[in-house]
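Q: Just dropping this structure here.
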Amino acid sequence: MSTQQLTGAEMVIKALADQGVEVVFGYPGGAVLPIYDALFKQNRIRHILVRHEQGAVHAAEGYARSTGKPGVVLVTSGPGATNAVTGLTDALLDSIPIICLTGQVPTHLIGNDAFQECDTTGITRPCTKHNYLVKDVNKVSKTIHEAFYIATSGRPGPVVIDLPKDVQFASGTYEMPKQVAHKTYKPVVKPDRARIEAAVDLLLSAKRPIIYAGGGIINSGPNAAKLLGEFTRMTNFPITLTLMGLGAFPANEPQYLGMLGMHGTYEANWAMHDCDVMLAIGSRFDDRITGRVDAFSPNSTKIHIDIDASSINKNIRVDLPIVGDAGFALEDLIKVYKARQKKPDAAALDRWWKQIDEWRAVKCLDFKTDGKIIKPQQAIRRLYEKTVASGRETFITTEVGQHQMWAAQHFDFQKPNRWMTSGGLGTMGYGLPAAVGTQLGNPDGLVIDIAGEASILMNIQELSTAVQYRLPVKVFILNNEYMGMVRQWQELLHGGRYSESYSEALPDFVKLADAYGLKGLRAENPGQLDDVIDEMLAHDGPVLADILVDKKENCFPMIPSGAAHNDMLLGPVEEGEEAIGAAGKVLV
Amino acid sequence: MAKTGTVGQPGAAYTFVKGDETVRRHTFAVIVDNEPGVLARVIGLFSGRGYNIESLTVSTVTEDESVSRINIVTTGTEMIIEQIKAQLERLIPIHNVHDLTLDGAHVEVELALVKVRAKEHNRRESLRIADIFGAKVADTTLESFVFQIEGTTDKVDSFIELMRALGDTEIARSGVIAIARGSNIVSV
Ligand SMILES: Cc1ncc(C[n+]2csc(CCOP(=O)(O)OP(=O)(O)O)c2C)c(N)n1
Ligand SMILES: [Mg+2]
């Protein structure tokens with residue numbers, strides 16, 4: 001039977017179950033009580049009670065990013081919906097598939113400033129891929145199925161479905177999900193073959209090629225990462241990854257140049273600047289990547305493969321645009337490349353690798369350790385080494401700030417879906433709820449939130465969620481007592497006037513852990529670092545580890561805003577030197 | 001602070017034409033599902049991304065009223081115009097987007113109602129000008145006319161300018177509607 005009489009609320013649960021949903025992250029309230037009642041009466045879907053609706057969306061993001069499945073959120077009307085907005089915007093900018101169900105006041109009260117009414121579709125229109133207000137119970141199931149299709153296909157993103165309370169109570173006909181072509185939404189996934197052939201010819205003619213891949217590889221699925229590896233090895237081209245792409249190519253392979261962009265490696269940024277043919281795939285020439293647009297890779301022929309046509313020629317004009325899914329495109333690239341039975345100029349490629357090795361010799365990520373104080377980079381490096389030694393599948397989430405960039409630089413990822421960070425929106429408070437969602441999607445995984453002491457306080461309440469569901473997430477706080485990234489910019493741009501960037505009146509994180517009912521640890525000097533990490537990893541439950549690190553350390557390399565890739569700061573700026581020009585200062 | 005020189009560059013394989021920075025006026029026809037919020041999506045996209053709207057008209061165009069056509073006149077550099085099209089195409093309830101300016105010859109028409117309050121000589125003069133422009137008198141009192149004029153934006157502009165010189169005016173304009181020349185029919 002393909003149709004069935006149900007209430008709107010029952011349809012919601014059935015539609016989610018029929019879409020294969022196992023977990024919903026939510027928080028109840030008046031306008032979603034019928035759905036919570038329907039949840040209560042079933043056992044196909046597990047509901048995870050978060051402690052703040054922003055946390056629900058980030059948890060769903062962590063779940064989605066680490067499993068490749070869409071994340072589902074359920075919140076009430078008014079404040080429930082507005083609290084979700086940051087998470088939705090985060091998911092939009094990082095292309096994460098999210099279905100967010102919001103309760104709404106009954107249809108006859110819409111527009112009356114009713115209790116806990118807000119214009120949810122109006123508010124979320126610019127921060128979702130699409131949204132719906134469902135006023136007819138007979139459209140509930142079809143809308144939910146369509147939402148899953150839209151959220152997960154093409155360039156993924158968040159979709160909101162606003163459900164008035166009377167629609168949840170009403171009875172109507174349920175429709176099963178079916179494969180239907182959408183009337184107007186038809187994402188292009190298969191790349192144009194002639195363009196792929198042109199791309200291969202360009203790559204074969206290259207003397208100084210580079211592959212610049214991003215989050216699109218991760219979104220396309222593990223097969224795309226596999227194919228990216230295959231193609232990269234086949235060509236012997238150097239490859240660099242964006243912040244969102246980390247793990248798309250194994251960091252321990254010699255062709256990997258590290259992350260590029262504002263805090264990317266010297267070799268990656270120089271290779272981008274000096275290359276003659278660039279293959280951008282699943283990456284979008286974001287301003288953190290390009291730096292000064294007019295000085296960005298000035299003499300290269302650029303091939304850009306992206307599933308979103310609007311990402312092409314937005315910031316940087318490219319020579320060969322190709323619209324399509326990264327996985328399909330790589331499949332075709334490999335086929336055509338093999339069929340050509342040619343190789344790029346080996347001597348030229350050899351010279352290029354020699355040049356790259358010179359840049360590598362700068363060892364831009366090296367840092368000095370100190371006997372008395374833990375260096376943040378050192379803490380991450382040790383954490384990395386110990387997770388490798390543990391042999392466990394490790395998943396890293398982060399908050400936002402210096403610790404996030406250090407994690408990107410010093411924690412090596414060999415596989416996709418192991419790195420969850422807020423790249424596009426840069427949302428402090430992302431990491432802990434994302435870790436909760438990641439742990440739920442990967443019950444046997446080792447999930448660690450690399451945090452800053454300021455960021456962690458933005459969604460600290462989610463520790464309760466971790467405790468309630470016995471989720472053994474580890475929060476690894478690099479506590480520098482500063483909003484370090486803000487402090488770093490104030491040092492570089494504002495004459496060291498540290499306006500409001502000191503983390504005053506911090507809680508005692510060990511006692512805080514105790515209050516929430518989880519294990520609290522602290523490392524105050526390098527001698528204690530290893531023991532604390534060991535104890536944290538060995539503990540079969542959630543841990544909050546407070547790692548006191550150097551307060552003054554800055555994150556390098558850095559391309560200051562408004563500067564070009566070959567104009568990189570490798571270490572502290574010398575006295576009297578201007579790191580950032582007037583034009584750069586107005587940029588963020 | 002490390003700075004190093006640039007290695008020799010042979011240049012791009014394609015001649016890299018620097019993007020055209022000239023700002024041009026483009027007319028779009030956007031075919032959309034006639035559903036609640038669709039106009040807000042389009043307008044929100046323009047305001048959110050800082051694109052200019054010179055005029056915008058919208059009306060249903062199918063027998064069952066399920067599809068609407070939005071005509072938008074906008075301005076921008078080549079790259080921005082390309083972005084506007086790509087961004088519009090990304091909206092879910094949009095059937096298709098036509099850059100009529102890029103696609104070739106098309107007809108553009110605007111309608112305006114121009115009320116002018118004028119006496120004696122100026123009153124007679126307004127009638128004479130209306131006649132030259134082919135404007136119709138839609139309403140009259142002893143001291144005013146309402147003229148109805150249609151034509152290109154330029155023509156309507158110059159008519160209004162002349163009327164303003166003759167007396168107090170009140171103006172209502174429809175915004176541009178446009179359609180491609182030739183026998184080809186846009187599918188919805
Ligand atoms: C919600 C939010 N508010 C403000 C900012 C701006 N911001 C970026 S990094 C940062 C400081 C983060 O401090 P901390 O978490 O201690 O990390 P650290 O840089 O010290 O490693 C701030 C305030 C942000 N990214 N997100
Ligand atoms: Mg800090």
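The values are calculated or read from the model by the stated rules, or taken from the named source; none is laboratory data. Only a predicted model underlies this, so the values are computations on that prediction, with no experimental measurement involved. Because the Cβ atoms are built from the backbone with ideal geometry, glycine has one as well, and the counts that use them run over all protein chains shown. Heavy atoms of the whole protein, side chains included, go into the accessibility calculation; ligands, DNA and RNA do not. Shrake-Rupley method; radii C 1.70, N 1.55, O 1.52, S 1.80 Å.
Q: Of the residues A:Val73, A:Val21, A:Val32, which single one is under 23 Å from A:Gly122 (Cβ atoms), open to solvent by less than 50 Å² (accessible area, probe 1.4 Å), outside any helix (DSSP H, G or I) and at pLDDT 95 or above?
A: A:Val73
Yes or no, residue by residue, for (1) under 24 Å from the mean Cα position of the chain (by Cα); (2) assigned to a strand (DSSP E or B); (3) modelled with pLDDT of 95 or more:
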residue: B:Asn122; (1), (2), (3): no, no, yes
residue: B:Asp139; (1), (2), (3): no, yes, yes
residue: B:Phe147; (1), (2), (3): yes, yes, yes
residue: B:Glu150; (1), (2), (3): yes, yes, yes
residue: B:Leu162; (1), (2), (3): yes, no, yes
residue: B:Ala178; (1), (2), (3): yes, yes, yes
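Q: So the check is Cβ under 8 Å with 6+ separation or different chains; which pairs have a first residue in segment A:399-427 that's at positive phi and a second one that's among the aliphatic types (A, V, I, L, M) and within 16 Å of ligand 2 (Cβ to nearest atom)?
A: A:Gly401/A:Met428; A:Gly401/A:Ala454; A:Gly401/A:Met483; A:Gly401/A:Met485; A:Gly401/A:Val486; A:Gly426/A:Val400
Q: Inspect segment B:110-125 for any residue being open to solvent by 40 Å² or more (accessible area, probe 1.4 Å), among the charged types (D, E, K, R) and within 14 Å of another protein chain (Cβ to nearest Cβ) and give the result as yes or no.
A: Checked segment B:110-125: no residue is open to solvent by 40 Å² or more (accessible area, probe 1.4 Å), among the charged types (D, E, K, R) and within 14 Å of another protein chain (Cβ to nearest Cβ).
Q: Follow-up question, since we're still on this one. List the number of the failed condition for A:Ala271; all other conditions in (1) away from chain B (no Cβ under 14 Å); (2) touching a residue at least 12 places away in the same chain (Cβ under 8 Å) hold.
A: That leaves (1) as the condition not met.
Q: Give A:Gly324, A:Gly291 a once-over and let me know the one that is more than 21 Å from B:Thr77 (Cβ to Cβ) and open to solvent by 10 Å² or more (accessible area, probe 1.4 Å).
A: Sole residue among the options that is more than 21 Å from B:Thr77 (Cβ to Cβ) and open to solvent by 10 Å² or more (accessible area, probe 1.4 Å): A:Gly291.
Q: I would also like to ask the following. Return the pair list, or none, for Cβ contacts closer than 6 Å from residues in segment A:294-313 that are more than 10 Å from every other protein chain (Cβ to nearest Cβ) and more than 9 Å from A:Arg284 (Cα to Cα) to residues that are charged (D, E, K, R) and in a loop (DSSP other than H, G, I, E, B), at least 6 apart or on different chains.
A: Short answer, once both residue conditions are applied: A:Ile307/A:Arg155; A:Ile307/A:Asp325.
Q: Could you pull out the residue among A:Tyr516, A:Tyr482 that is more than 30 Å from A:Ala583 (Cα to Cα) and aromatic (Phe, Trp, Tyr)?
A: Only one candidate qualifies: A:Tyr516.
Q: What number of residues within segment A:388-419 are touching a helix residue (DSSP H, G or I) at 6+ places or on another chain (Cβ under 7 Å) and not acidic (Asp, Glu)?
A: Matching residues across segment A:388-419 total 17.
Okay, residues lined up against (1) away from ligand 1 (no atom under 16 Å from the Cβ); (2) in the same structural domain as A:Ser455 (by TED's automatic domain parsing); (3) of a type outside the set (A, V, I, L, M, F, W, C); (4) crowded, with 17+ Cβ neighbours inside 10 Å:
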residue: A:Asp332; (1), (2), (3), (4): yes, no, yes, yes
residue: A:Tyr337; (1), (2), (3), (4): yes, no, yes, yes
residue: A:Lys343; (1), (2), (3), (4): yes, no, yes, no
residue: A:Ile356; (1), (2), (3), (4): yes, no, no, yes
residue: A:Asp366; (1), (2), (3), (4): yes, no, yes, no
residue: A:Ala389; (1), (2), (3), (4): yes, yes, no, no
residue: A:Glu393; (1), (2), (3), (4): yes, yes, yes, no
residue: A:Gly426; (1), (2), (3), (4): no, yes, yes, yes
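Q: Here's something else I'd like to know. Of all residues in segment A:384-427, how many are within 16 Å of ligand 2 (Cβ to nearest atom), among the acidic types (Asp, Glu) and not in a loop (DSSP other than H, G, I, E, B)?
A: Selection size over segment A:384-427: 0.
Q: Give, as residue ranges, the helices (runs of 4 or more DSSP H) completely inside segment A:101-219 that count at least 1 residues that are among the small types (Gly, Ala, Ser).
A: A:120-124, A:140-152, A:193-204
Q: Restricting the first residue to segment B:119-140 and requiring it to be assigned by TED's automatic domain parsing to the domain that holds B:Ala165, which pairs with a second residue that is open to solvent by 80 Å² or more (accessible area, probe 1.4 Å) meet a Cβ separation below 7 Å and a spacing of at least six or different chains?
A: That search, which allows pairs on different chains as well, returns B:Lys119/B:Glu143.
Q: Follow-up question, since we're still on this one. Would you mention how many residues in segment A:160-184 are touching a residue at least 40 places away in the same chain (Cβ under 8 Å) and either hydrophobic (A, V, I, L, M, F, W, C) or within 13 Å of chain B (Cβ to nearest Cβ) (or both)?
A: Of the residues in that region, 8 qualify.
Q: Also, I was wondering about something else. If I filter segment A:139-159 down to residues being of a type outside the set (Gly, Ala, Ser) and touching a Phe, Trp or Tyr at 6+ places or on another chain (Cβ under 7 Å), which single residue comes out as nearest to the other protein chains (Cβ to nearest Cβ)?
A: Restricting to residues being of a type outside the set (Gly, Ala, Ser) and touching a Phe, Trp or Tyr at 6+ places or on another chain (Cβ under 7 Å), the top hit is A:Ile150.
Q: Given the residues A:Lys190, A:Lys165, which is the only one that is within 30 Å of A:Pro34 (Cα to Cα) and either in the same structural domain as A:Tyr384 (by TED's automatic domain parsing) or among the charged types (D, E, K, R) (or both)?
A: On the way: A:Lys190 fails: within 30 Å of A:Pro34 (Cα to Cα).
Of A:Lys190, A:Lys165, the one residue that is within 30 Å of A:Pro34 (Cα to Cα) and either in the same structural domain as A:Tyr384 (by TED's automatic domain parsing) or among the charged types (D, E, K, R) (or both) is A:Lys165.
Q: Among the residues in segment B:95-114, are any over 15 Å from the mean Cα position of the chain (by Cα), closer than 19 Å to B:Glu170 by Cα and modelled with pLDDT of 95 or more?
A: yes
Q: Here is a further query. Inspect all residues belonging to segment A:201-223 and state whether any of them is β-branched (Val, Ile, Thr) and closer than 23 Å to A:Asp345 by Cα.
A: Scanning segment A:201-223 turns up at least one residue that is β-branched (Val, Ile, Thr) and closer than 23 Å to A:Asp345 by Cα.
Q: Against the definition (more than 16 Å from ligand 2 (Cβ to nearest atom), more than 14 Å from chain B (Cβ to nearest Cβ) and at negative phi), how does A:Met485 come out, yes or no? Spell out the reasoning first.
A: Numbers: more than 16 Å from ligand 2 (Cβ to nearest atom): no; more than 14 Å from chain B (Cβ to nearest Cβ): yes; at negative phi: yes.
Criteria not met by A:Met485.
Q: Name the residue that is farthest from the chain's Cα centre (by Cα), counting only residues in segment A:442-457 that are of a type in the set (Asp, Glu) and open to solvent by less than 10 Å² (accessible area, probe 1.4 Å).
A: Within segment A:442-457, the match that is farthest from the chain's Cα centre (by Cα) is A:Glu453.
Q: Go through A:Asp294, A:Asp276, A:Asp325 for me and flag whichever is in the same structural domain as A:Glu230 (by TED's automatic domain parsing) and under 30 Å from A:Tyr185 (Cβ atoms).
A: A:Asp325
Q: Do you know which residues across segment B:47-68 are part of a strand (DSSP E or B), β-branched (Val, Ile, Thr) and closer than 15 Å to B:Phe28 by Cβ?
A: B:Thr57, B:Val58
Q: In segment A:238-282, what count of residues is obtained for those that are of a type in the set (Asp, Glu) and within 28 Å of A:Pro156 (Cβ to Cβ)?
A: Keep residues of segment A:238-282 that are of a type in the set (Asp, Glu), which gives A:253, A:267, A:274, A:276.
Restricting the remaining residues to those that are within 28 Å of A:Pro156 (Cβ to Cβ) gives A:253.
Adding up the residues that qualify gives 1.
Q: Separate question: What are the residues in segment A:365-377 that are in a helix (DSSP H, G or I) and either over 17 Å from A:Val475 (Cα atoms) or touching a strand residue (DSSP E or B) at 6+ places or on another chain (Cβ under 7 Å) (or both), if any?
A: Residue satisfying the conditions is A:Pro376 alone.
Q: In segment A:457-466, is there at least one residue being at pLDDT 95 or above, under 17 Å from A:Glu393 (Cβ atoms) and within 16 Å of ligand 2 (Cβ to nearest atom)?
A: no
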